[in-house]
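First up is the structure itself, then whatever we jot down about it.
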Amino acid sequence: MGPVILVLNGPNLNMLGVRQPEVYGSSTYADVVAVCERAAAAASVAVDVRQTNDEAEMLEWIHHAARSKEFAAIVINPAAWTHTSVALADALVIPEIPVIEVHISNVHARESFRHHSYVSPLAAAVIAGCGIAGYGYAVDRAAALIA
Ligand code: DQA
């Protein structure tokens, strides 16, 4: 089997389509999964796309990635944890694989508390403001980095 990219989504992203459509658009979480799978197929890689509202579960997934070495890269939309979680940033360096940070909205054009990211300093790339298409760009970039 070829390389697998782990695509992680943080809190409230399961509510896409319902949640503030004026900010996040009308696409759903299922559409996010479809965008990732399409980009992965085009780049001849596989994706494992997950979402959780539980920070501990997110940390466990990242720890598992580090221990198992199952994944070649991580694409992550950390959602609100972007701006709050030192624990998430600490976890993301453990697997020692490329990390790409994605935001659906342009966080820099929003409230000032969204301008700081604990994840960006460790990310190989940051994509914001492209809507859910950003996930496709992130998977494509991750595939290029691990090729
Ligand atoms: C988000 C931006 C974050 O500030 C916010 O907390 C989210 C979603 C985005 O995809 O635009 O939940 O990460």
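Overview of values
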| item | result |
| --- | --- |
| Some residue of the stretch 66-73 being buried (at least 19 other Cβ atoms within 10 Å of the Cβ) and in a helix (DSSP H, G or I) | no |
| Where P98 falls short, out of the listed (1) within 12 Å of the chain's Cα centre (by Cα); (2) near the ligand (Cβ under 10 Å from one of its atoms) | (2) |
| Of residues in the stretch 112-136 being touching a residue at least 40 places away in the same chain (Cβ under 8 Å) and part of a helix (DSSP H, G or I), the one most open to solvent (accessible area, probe 1.4 Å) | A133 |
| Of all residues in the stretch 12-27 being part of a helix (DSSP H, G or I) and of a type in the set (A, V, I, L, M, F, W, C), the one that is farthest from R50 (Cα to Cα) | V23 |
| Candidates A30, A56, A80, A34, filtered to the one that is farther than 21 Å from L145 by Cα, near the ligand (Cβ under 10 Å from one of its atoms), outside any strand (DSSP E or B) and not acidic (D, E) | A80 |
| Boolean, V47 is open to solvent by 20 Å² or more (accessible area, probe 1.4 Å), outside any helix (DSSP H, G or I) and closer than 17 Å to I132 by Cα | yes |
| Residues located in the stretch 2-26, provided they are modelled with pLDDT of 95 or more and within 12 Å of the ligand (Cβ to nearest atom) | L8, N9, G10, P11, N12, L13, N14, M15, L16 |
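For every residue, the table says whether it meets (1) under 14 Å from the mean Cα position of the chain (by Cα); (2) under 19 Å from G131 (Cα atoms); (3) within 13 Å of the ligand (Cβ to nearest atom).
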residue: A42; (1), (2), (3): no, no, no
residue: Q51; (1), (2), (3): yes, yes, yes
residue: E60; (1), (2), (3): no, no, no
residue: A87; (1), (2), (3): no, no, no
residue: V93; (1), (2), (3): no, no, no
residue: A109; (1), (2), (3): no, yes, yes
residue: S112; (1), (2), (3): no, no, yes
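The values are calculated or read from the model by the stated rules, or taken from the named source; none is laboratory data. Note that the coordinates shown come from a computational prediction; the quantities given were computed from them, not determined experimentally. Positions of Cβ are generated from backbone atoms using ideal geometry, with glycine treated the same way; all protein chains shown enter the neighbour counts. Areas reflect the complete protein model, heavy atoms only, side chains present, ligands, DNA and RNA absent. Shrake-Rupley method; radii C 1.70, N 1.55, O 1.52, S 1.80 Å.
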